[in-house]
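K.L.:
Input: one structure, supplied below.
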């Protein structure tokens, strides 16, 4: 719209005030408004562009880290993400121009903890190693004796000069032999012996019943089971009893073990008692 003087009326694109001008392309009322509008436009566009450029340069320079945002300008802090532990922290944007490396405080802490843990594990391992070496040397320094096992006749070494048998099995085997020898000697010493006494015949005679607890025994069980049948001498051989049919009765292993070399009696109240005389 033209005035009487031939000028054009316009509204300033920055401050919004009306003004007159001869230039049909003029958008601002004065140079100041034009400069301000230009600066604002440049600032709005350049921040976004500068941030993208900073992100690209930062990610190219620091391979273990990633730009995470909040960049404003080169002397202000921004956010970084560590690609190792994924922790985020702030650093000044001037690191892009610096020759120093970025160090993640969380990674430093974790690495320190790992080093301390490994050092502790190494100390424990070395301590155990020294202990084993000490025990090995002590074992080597012990005097060794070469012996022959009287049971199985194998040659063996031992640091115990009083040891007789090579193992517990041989020792137990010889112990059982001695017990059987003593038992037979007692039978022979006490006099008359019924050589036809067997567990099978006694089991049949006593119908499988333990004469002490009156329970039914079972021949199918393991011989060490409490309910396995055994030959029991009513009057113990060690007290002069005979290995005869009238002095043997069937008893379960548990009752036989409890009775041992005692004499079984039943008192007036029907209760079982054991006496050694």
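The values are calculated or read from the model by the stated rules, or taken from the named source; none is laboratory data. Only a predicted model underlies this, so the values are computations on that prediction, with no experimental measurement involved. Note: ideal-geometry Cβ built from the backbone for every residue, glycine included; neighbour counts use all protein chains shown.
K.L.:
Exactly one condition in (1) in contact with a strand residue (DSSP E or B) (Cβ under 7 Å, 6 or more places away or on another chain); (2) surrounded by 13 or more Cβ atoms within 10 Å (Cβ to Cβ); (3) modelled with pLDDT of 90 or more is false for residue 158; which is it?
P.N.:
Just one mismatch for residue 158, condition (3).
K.L.:
Just the residues that are at pLDDT below 90, in contact with a helix residue (DSSP H, G or I) (Cβ under 9 Å, 6 or more places away or on another chain) and surrounded by 13 or more Cβ atoms within 10 Å (Cβ to Cβ), please, taken from region 182-211.
P.N.:
Residues satisfying the conditions are 183, 186, 187, 190, 193, 194.
K.L.:
How many residues does region 249-275 hold that are within 53 Å of the chain's Cα centre (by Cα) and modelled with pLDDT of 65 or more?
P.N.:
Selection size over region 249-275: 13.
K.L.:
With under 21 Å from residue 263 (Cβ atoms) and not assigned by TED's automatic domain parsing to the domain that holds residue 263 as the only criterion, which of 178, 183 stands out?
P.N.:
183
K.L.:
Across region 101-156, what is the total count of residues that are more than 30 Å from residue 63 (Cβ to Cβ) and part of a helix (DSSP H, G or I)?
P.N.:
Residues that pass the stated criteria total 22.
K.L.:
Here is a follow-up. Within region 65-92, restricting attention to residues that are part of a loop (DSSP other than H, G, I, E, B) and more than 46 Å from the chain's Cα centre (by Cα), which residue is surrounded by the fewest Cβ atoms within 10 Å (Cβ to Cβ)?
P.N.:
Among residues in region 65-92 that are part of a loop (DSSP other than H, G, I, E, B) and more than 46 Å from the chain's Cα centre (by Cα), the one surrounded by the fewest Cβ atoms within 10 Å (Cβ to Cβ) is 75.
Residue by residue, here is whether (1) more than 26 Å from residue 82 (Cβ to Cβ); (2) within 28 Å of the chain's Cα centre (by Cα) holds:
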position	(1), (2)
94	no, no
98	no, no
103	no, no
110	no, yes
113	no, yes
118	no, yes
121	yes, yes
127	yes, yes
132	yes, yes
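K.L.:
If residue 153 satisfies all but one of (1) closer than 26 Å to residue 258 by Cβ; (2) exposed (fewer than 12 other Cβ atoms within 10 Å of the Cβ), what's the number of the condition it fails?
P.N.:
Of (1) closer than 26 Å to residue 258 by Cβ; (2) exposed (fewer than 12 other Cβ atoms within 10 Å of the Cβ), only one is false for residue 153: (1).
K.L.:
Would you point out which residue out of 129, 153, 122 is modelled with pLDDT of 90 or more and on the phi > 0 side of the Ramachandran plot?
P.N.:
153
K.L.:
Which of (1) in contact with a strand residue (DSSP E or B) (Cβ under 9 Å, 6 or more places away or on another chain); (2) part of a helix (DSSP H, G or I); (3) without any contact (Cβ under 8 Å) to a residue 24 or more places away in the chain does residue 170 not meet, given it meets every other one?
P.N.:
Status for residue 170: all satisfied but (1).
K.L.:
Would you confirm whether or not region 125-132 contains a residue that is free of Cβ contacts under 8 Å to residues at least 40 places away in the same chain and in contact with a helix residue (DSSP H, G or I) (Cβ under 9 Å, 6 or more places away or on another chain)?
P.N.:
Checked against the condition, which is being free of Cβ contacts under 8 Å to residues at least 40 places away in the same chain and in contact with a helix residue (DSSP H, G or I) (Cβ under 9 Å, 6 or more places away or on another chain), region 125-132 yields no hits at all.
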